[in-house]
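Scroll down for the structure; my scribbles are underneath it.
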Amino acid sequence: MTNNDSRPPEDDDQQTTTPDADSLATDEAVSDQPATPNTDSLATDEAASDQLPTLNTDSLAADEAASDQPPTPPEQQTETLPAQTPEQSPTALTTTEPESSVPRTKALMVVRDLKKTYRLGRDTYVQALRGISLDVNPGEFVAVMGPSGSGKSTFMHLIGCLDRPTSGEYWLSGRLVSSLSPDELASVRNQMIGFVFQGFNLLARANALKNVELPMVYSGMPRGERRRRAERVLRLVGLERWMDHKPMELSGGQQQRVAIARSLVNGPVVLLADEPTGNLDSLTGLEIMGVLQALNEQGMTIVLVTHDPHVASFAKRRVEFLDGQVINDVLVEPLSARDEWVRVASEQAAALAGENNGEEVQVMEEHNKV
Ligand SMILES: Nc1ncnc2c1ncn2[C@@H]1O[C@H](COP(=O)(O)OP(=O)(O)OP(=O)(O)O)[C@@H](O)[C@H]1O
Ligand SMILES: [Mg+2]
């Protein structure tokens, strides 16, 4: 939880973040709510605002902004996150390190004095990370912020096992992964980490279902199981009616939901998102933040990179980078993306209604002149 070197004096039982099926109870109670916009829904939404944030089946943003009806938030989530198989459980991974060197902490991720130096030319080096130390506990929702070039993406690459540090340690679920070989690193990455990027990174020629099945093809899962899991995570993000659609036939928000579903399908212990709303309009961005908040409510640990303080305001913890170092690390009370979605959509609908009224008055005046 801190960015210093102290390690919590706790036992070393490692936790997985696979959520409890009981967490569905409240969702099921509200899952019958209509997915389509209706004028009564704002009151219902307010009453339900302390329940799980909602997921959307349609791209409501564009349609509702264009309507003069009061908007409704995305519909309720009705599925839990996929559970890890025993082979995927982080505790099932063996460690080769001597037991005494394992940090005695319940943190999911333990980062110690992580440095990364890129070599640009023969004598030119860039110190992208200059000694990052922090812990991330299971169930946290962390926003990593900082100006361009401060090392945010480099940090994500390291904690996502896409790259190795120049020096320092990174422990994931009790395993020292910073010194693994590239093959071992790839295996940890596939089993334990879900990625969501700004650009969605979907296969254009494959439909949503096939895109989500892809990581399981790589992990050698039988076809039937692949299909079952892919359908489940697509339902989880509210895309049950869009499984046959290719990326081009989906809105930006829906494409990002496919990417989120794909990131979840192998049962990761942490979701890493680098500017996941960067390509989306503000309302669709809120929709995606609502999806991430809903996943976090179900127990998923999330580390998000953003340069946008508004996006960061939906996380529970804010870590600020500057010149490859942590300069601030605070817990914050997050805003509700769902409430914010209702507020912004209402404002947009009201502004549109105002514009329409203005046009009507003008038409009436023209008509009276005639
Ligand atoms: N593969 C690389 N080779 C050389 N230098 C790199 C490489 N990746 C990043 N850098 C450098 O490392 C520093 C940190 O880059 P990084 O991409 O981590 O920043 P960032 O905080 O993600 O920035 P942005 O907000 O623009 O995405 C920068 O000076 C960048 O030029
Ligand atoms: Mg970056």
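Only one of the numbered conditions (1) part of a strand (DSSP E or B); (2) under 28 Å from THR277 (Cα atoms); (3) more than 16 Å from ligand 2 (Cβ to nearest atom) is violated by ARG164, and that is (1).
Close Cβ contacts (under 8 Å, 6 or more residues apart or on different chains) running from residues in the stretch 137-151 that are in contact (Cβ under 8 Å) with a residue 12 or more places away in the chain and polar (S, T, N, Q) to residues that are within 13 Å of ligand 1 (Cβ to nearest atom) and assigned to a strand (DSSP E or B) comprise SER150/PHE321; SER150/LEU322.
Which residues, counting only those in the stretch 279-297, are of a type in the set (A, V, I, L, M, F, W, C) and either assigned to a helix (DSSP H, G or I) or under 9 Å from the mean Cα position of the chain (by Cα) (or both)?
LEU283, LEU286, ILE288, MET289, VAL291, LEU292, ALA294, LEU295
Yes or no: LEU286 within 16 Å of ligand 1 (Cβ to nearest atom) and buried (at least 24 other Cβ atoms within 10 Å of the Cβ)? Considered against the rule, which asks whether it is within 16 Å of ligand 1 (Cβ to nearest atom) and buried (at least 24 other Cβ atoms within 10 Å of the Cβ), LEU286 comes out as no.
Which is surrounded by fewer than 24 Cβ atoms within 10 Å (Cβ to Cβ) and under 24 Å from ASP135 (Cα atoms), of GLU249, GLU297? GLU297 is the lone residue from the list that is surrounded by fewer than 24 Cβ atoms within 10 Å (Cβ to Cβ) and under 24 Å from ASP135 (Cα atoms). Any residue in the stretch 110-118 that is within 16 Å of ligand 2 (Cβ to nearest atom), β-branched (Val, Ile, Thr) and over 19 Å from ASN296 (Cβ atoms)? The answer is no, given that none of the residues of the stretch 110-118 is within 16 Å of ligand 2 (Cβ to nearest atom), β-branched (Val, Ile, Thr) and over 19 Å from ASN296 (Cβ atoms). Tell me, yes or no, whether the stretch 243-259 has at least one residue that is assigned to a helix (DSSP H, G or I), at pLDDT below 95 and among the charged types (D, E, K, R). No - not one qualifying residue is present in the stretch 243-259. Inside the stretch 125-163, residues that are more than 23 Å from the chain's Cα centre (by Cα) and over 17 Å from ASN328 (Cβ atoms) make up a count of 4. Scanning the stretch 289-320 for residues that are charged (D, E, K, R), within 16 Å of ligand 1 (Cβ to nearest atom) and touching a Pro at 6+ places or on another chain (Cβ under 8 Å) gives no hits.
In the stretch 155-170, the qualifying residues are those that are surrounded by 21 or more Cβ atoms within 10 Å (Cβ to Cβ) and free of Cβ contacts under 8 Å to residues at least 60 places away in the same chain, and the one that is farthest from ligand 1 (Cβ to nearest atom) is CYS161. Take the conditions (1) modelled with pLDDT of 95 or more; (2) buried (at least 23 other Cβ atoms within 10 Å of the Cβ); ALA345 misses just one of them, which is (1). Take the stretch 122-161 and flag every residue that is assigned to a strand (DSSP E or B), under 15 Å from VAL319 (Cα atoms) and within 16 Å of ligand 2 (Cβ to nearest atom). Selection gives LEU129, ILE132, VAL142, ALA143, VAL144, MET145. Just name the residue that is surrounded by the most Cβ atoms within 10 Å (Cβ to Cβ) out of those in the stretch 116-141 that are small (Gly, Ala, Ser) and more than 8 Å from ligand 1 (Cβ to nearest atom). If we take residues in the stretch 116-141 being small (Gly, Ala, Ser) and more than 8 Å from ligand 1 (Cβ to nearest atom), then SER133 is surrounded by the most Cβ atoms within 10 Å (Cβ to Cβ).
Can you find, within the stretch 301-325, the residue that is nearest to the chain's Cα centre (by Cα) among those that are β-branched (Val, Ile, Thr) and away from ligand 2 (no atom under 14 Å from the Cβ)? Among residues in the stretch 301-325 that are β-branched (Val, Ile, Thr) and away from ligand 2 (no atom under 14 Å from the Cβ), the one nearest to the chain's Cα centre (by Cα) is ILE302.
Of all residues in the stretch 321-335, none are of a type in the set (Phe, Trp, Tyr) and more than 16 Å from ligand 1 (Cβ to nearest atom).
Of all residues in the stretch 262-276, those being within 14 Å of ligand 1 (Cβ to nearest atom), part of a loop (DSSP other than H, G, I, E, B) and either more than 14 Å from the chain's Cα centre (by Cα) or at negative phi (or both) number 1.
For TRP341, the criteria (1) under 27 Å from VAL258 (Cβ atoms); (2) within 16 Å of ligand 2 (Cβ to nearest atom) hold in every case but one, which is (2).
Would the stretch 171-194 turn up any residue that is out of contact with any Pro (no Cβ under 9 Å at 6 or more places or on another chain), crowded, with 22+ Cβ neighbours inside 10 Å and not in a loop (DSSP other than H, G, I, E, B)? So far as the stretch 171-194 goes, no, none of its residues is out of contact with any Pro (no Cβ under 9 Å at 6 or more places or on another chain), crowded, with 22+ Cβ neighbours inside 10 Å and not in a loop (DSSP other than H, G, I, E, B). The sole residue among LEU108, LEU185 that is more than 16 Å from ligand 1 (Cβ to nearest atom) and without any contact (Cβ under 8 Å) to a residue 40 or more places away in the chain is LEU185.
The values are calculated or read from the model by the stated rules, or taken from the named source; none is laboratory data. Source: prediction; values computed, not measured. Cβ: placed from backbone, ideal geometry, glycine included. Neighbour counts: every protein chain shown.
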